[in-house]
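Trainee: Submitted below is the structure of interest, expressed as structure tokens.
Derivation of every value follows stated rules applied to the coordinates shown; laboratory data play no part. All of these numbers come straight from a predicted model, not from anything done at the bench. Neighbour counts are summed over all protein chains in view; Cβ atoms, including those assigned to glycine, are modelled from backbone coordinates with ideal geometry.
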Amino acid sequence: MSDDVRNIVLGLAASGLSAVLGWFVRTYAWRRRLRRKQRFFGLPAGSECLLVVNRDPGAREWSVARHDVFALIELSALIKECQANAEILPHDTAWQGFGARTEFCIGGPVSNHRMAAHLRSMLPGVEVGKEKTGPDQGALTVGGETYRMDKGRAEYVLLARLAADENTGNSRPVFLASGQRAVTNQAAVRYLARHHGRLTRKYGVNGTFCLLLKVVNSQAYGPDVVEIVADVTRAATTPVARPEAVAATPATATTSGTTAE
């Protein structure tokens, strides 16, 4: 075999080996990213998850707001990437506990009863204005601060990942997107899908967090321009001291003392 032929053969062998090695490294990196994504979302291959959607408060009959539908589509793509399956349920028919399978709950507590239940039980430090009109419509209060909506210009949404208790055997997370308008719900879902890697690095694959996001100028940019206002995890998970409860404490103590005498 001449030197030229030998060099050609060695070059082809080196190229083939490099291609195989490159394919192996890319496949390994892709599988590693996929496993981290599956763990963060609680969606191992072949698993089932639940999509709970609210009712469009502006419609007379049962319907889902357009931007909430878009949010469901984006979540469906994410779930498919994790090689999992989804079941979509209206908020008033999802009569089951949480933690047995991953749940994505979309919509504010006024139009989504299951969201209201999640906020009461898992984010008791969050208060949402129930007024249907006026400046306090959908206002979010957390950590002593109130965030009011400037429709189309500045709107707010809570994005939360709540880890279930692993000791119960039901350890799948619950994701909440509770916004002041449907476009903010979609913005929160899009932020979650785009930045789950960053969230994983900051909070871990099993972490709990609650972020307050601001959707900027949605009338021009839709759900694309989002800013993080604050990480409100501690404030949102700490129950708020109700004035009526504080006022009732002395009276209760007096009554108990009288009874004891």
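Trainee: Pull up all non-local amide H partners of A230: gap of 5 or more, or a different chain, and H-to-H distance under 5 Å with H placed in the peptide plane.
Mentor: Here L212 satisfy the definition.
Trainee: Sequence-distant or interchain residues sharing an amide H contact under 5 Å with N54, placed H: which?
Mentor: Counting only residues 5 or more places away or on other chains, the set is I106.
Trainee: Over the Cα atoms of the stretch 134-234, how large are the radius of gyration and the largest Cα-Cα distance (Dmax), in Å?
Mentor: Final numbers for Rg and Dmax: 14.2, 47 Å.
Trainee: Per 10 Å bin, what percent of the C-alpha pairs of the stretch 68-174 does each bin hold, from zero upward?
Mentor: Percent of Cα pairs in each bin: 12, 40, 34, 13, 1.
Trainee: So for the pair A154, Q96, with labels modelled 7 Å out along Cα→Cβ, what separation do we get in nm?
Mentor: In this crude label model, A154 to Q96 measures out at 4.1 nm.
Trainee: Would you pull out the residues with amide H under 5 Å of A86's amide H, same chain only if 5 or more places away, H placed 1.01 Å from N?
Mentor: C49
Trainee: What does the C-alpha gyration tensor say about the overall shape of the stretch 42-246? Classify as rounded when a/c is under 1.5, otherwise prolate if a/b is larger than b/c, or oblate. Intermediate values should be presented prior to the final figure.
Mentor: On the way: a/c = 1.37, a/b = 1.18, b/c = 1.16.
Judged from the Cα gyration tensor, the stretch 42-246 comes out rounded (a/c under 1.5).
Trainee: Next question. Ranked highest first by the average count of other Cβ atoms within 10 Å around their residues, in what order do 99-111, 35-47 fall? Please list the in-between numbers first.
Mentor: Details: 99-111: 22.9, 35-47: 17.5.
Ranked from most to least packed, the peptides come out as 99-111, 35-47.
Trainee: Leaving out same-chain residues fewer than 8 places away, which lysines sit with a Cα under 17 Å from that of K130?
Mentor: K151
Trainee: Can you compute 3J(HN,Hα) from phi for each residue in the stretch 154-161, using the Karplus curve 6.51 cos²θ - 1.76 cosθ + 1.60 with θ = phi - 60°, rounded to whole Hz and x for Gly and Pro?
Mentor: 9, 9, 10, 8, 9, 10, 9, 10
Trainee: Which lysines, on any chain, are close to K202 with Cα under 23 Å apart, when same-chain ones fewer than 8 places away are left out?
Mentor: Partners found: K37, K214.
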